[in-house]
Amino acid sequence: MRHPSPINTGSSRLDLCPTGLDPARMPSHIAVIMDGNGRWAKAKGLPRIMGHRAGVEALKRTLRLCNDWGIGALTVYAFSTENWSRPGDEVNFLMALFERVLQRELEALQLEQVRIRFLGDLQALPERLQDLIAEATELTSRNSGIHFNVCTNYGGRRELVLAARKLAESAAKGELDPSLIDENVFAAKLFTASEVDPDLLIRTSGEMRVSNFLLWQLAYAEIHICDVLWPDFDATALREALADYQTRSRRFGGLDPINTDYIDP
Ligand code: IPE
Ligand code: IPE
Ligand code: MG
C-alpha cells in the first residue's frame, strides 16, 4: 500500500502538531533505524551497554512524541538477525533489557492506548521474552492509539524468505494458484501485513545504509539521515526529520501534480 490516509489521527492529536509543520502532511508511518548507542557510550567513556540503556529513554520519548503528533505507526529496529554476531555479553544484555523494559512499560503502553507488536523471527528469542511479547501483544491488540512495531531478531531478507516459503507451501498444497501471487498477496505474508508502508525512514548516527531493514516496505519511503546518535534523539531531531520530509516531492514514479514547473507545458 502507498500514500495511505493516516491510520489513527484524531484531530485533538493533530492540534498538538509542532509549529512550523503542516499537520496535513505528516507521515502516517515512520520507521527508525536507532543507531549509535555504542558510539554514544564510547564518547562518554562508558561501556556500550550504557548506550543501549540510554537508547531506551530515547525510544520512549520518540514514541510519546509520535503519538502526540498524530503519527499512525512507528516501527523501530531494535535487534537485527545480524546482531547475534556481537559479543555474547552484549547480546545477553540486550535480551535482558528488552524483557525488563517491556515488563516495566506495559502498564504505561496500555494507558496510552499503544498497540504494540514485535516483528521478526521471534522463536529464536529467550522463552521468557517470547511469553512477555505474547502477553503484551494480546493485551494491547485492541488499543486505539499508535501502532508501535518493534523489530526484534528482524531481517528483511529473512522476512522475504519466510513469506516466499509460506506462499510456496500453500501452492504445494493446491490452496494457492501461483499465477495469483501479486504484490498484495505477497505483502500479506510479511511481518508487517495490515500495516501501511513507512512514508519516512529515519536513521541516526550518520550511517547511510539500510542494514537489512524493511527491504520490501521501504520501496517508496523518504529517507532522512541525521548525525545525532540515537540516545540523543529528541523532539528537535524528530521535528527536523519531519520538516525535511515535508520538503520532499513524492512522485511514486509519476509526475508531481503540485510542483509542475519541470513538466512540459
Ligand atoms: C544500535 O546501536 C542498537 C543496536 C544495534 C542494538 P549500536 O549498538 O549499533 O551502536 P553503534 O553503531 O555501535 O554506535
Ligand atoms: C542496525 O544497526 C540494526 C539496529 C539498529 C537494531 P547496526 O549497527 O547493527 O547496523 P550496521 O552493522 O552498522 O550496518
Ligand atoms: Mg550500529
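Below is a table of values for the structure above.
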{"quantity": "Filter result for GLY174 (on the phi > 0 side of the Ramachandran plot, open to solvent by 30 Å² or more (accessible area, probe 1.4 Å) and not in a helix (DSSP H, G or I))", "calculated": "yes"}
{"quantity": "Any hit, segment 46-68, residues being open to solvent by 60 Å² or more (accessible area, probe 1.4 Å) and either within 12 Å of LEU229 (Cα to Cα) or assigned to a loop (DSSP other than H, G, I, E, B) (or both)", "calculated": "yes"}
{"quantity": "Tally of residues being more than 16 Å from ligand 3 (Cβ to nearest atom), assigned to a loop (DSSP other than H, G, I, E, B) and surrounded by 15 or more Cβ atoms within 10 Å (Cβ to Cβ) across segment 16-37", "calculated": "6"}
{"quantity": "Filter result for the condition that a residue is of a type outside the set (Val, Ile, Thr), touching a helix residue (DSSP H, G or I) at 6+ places or on another chain (Cβ under 9 Å), under 25 Å from PHE118 (Cβ atoms) and open to solvent by less than 40 Å² (accessible area, probe 1.4 Å), over LEU238, LEU201", "calculated": "LEU238"}
{"quantity": "Tally of residues being open to solvent by 60 Å² or more (accessible area, probe 1.4 Å) and either part of a loop (DSSP other than H, G, I, E, B) or not acidic (Asp, Glu) (or both) across segment 87-100", "calculated": "3"}
{"quantity": "Qualifying positions in segment 151-171 - closer than 30 Å to LEU102 by Cα and either more than 13 Å from ligand 2 (Cβ to nearest atom) or part of a strand (DSSP E or B) (or both)", "calculated": "CYS151, THR152, ASN153, TYR154, ARG157, ARG158, GLU159, LEU160, VAL161, LEU162, ALA163, LYS166"}
{"quantity": "Answer from LEU229, LEU218, LEU242, LEU255 - the residue that is within 26 Å of LEU122 (Cα to Cα) and among the hydrophobic types (A, V, I, L, M, F, W, C)", "calculated": "LEU218"}
{"quantity": "Flag if GLN103 is touching a residue at least 12 places away in the same chain (Cβ under 8 Å), loosely packed, with under 15 Cβ neighbours inside 10 Å and over 21 Å from HIS29 (Cβ atoms)", "calculated": "yes"}
{"quantity": "So TYR154, is it within 16 Å of ligand 3 (Cβ to nearest atom) and of a type in the set (Phe, Trp, Tyr)", "calculated": "yes"}
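The values are calculated or read from the model by the stated rules, or taken from the named source; none is laboratory data. These figures come from a predicted structure and were not determined experimentally. Cβ sites come from the backbone with ideal geometry, for glycine too, and all protein chains shown count toward neighbours. Calculation scope for accessible area: heavy atoms of the full protein, side chains included, ligands and nucleic acids excluded. Shrake-Rupley method; radii C 1.70, N 1.55, O 1.52, S 1.80 Å.
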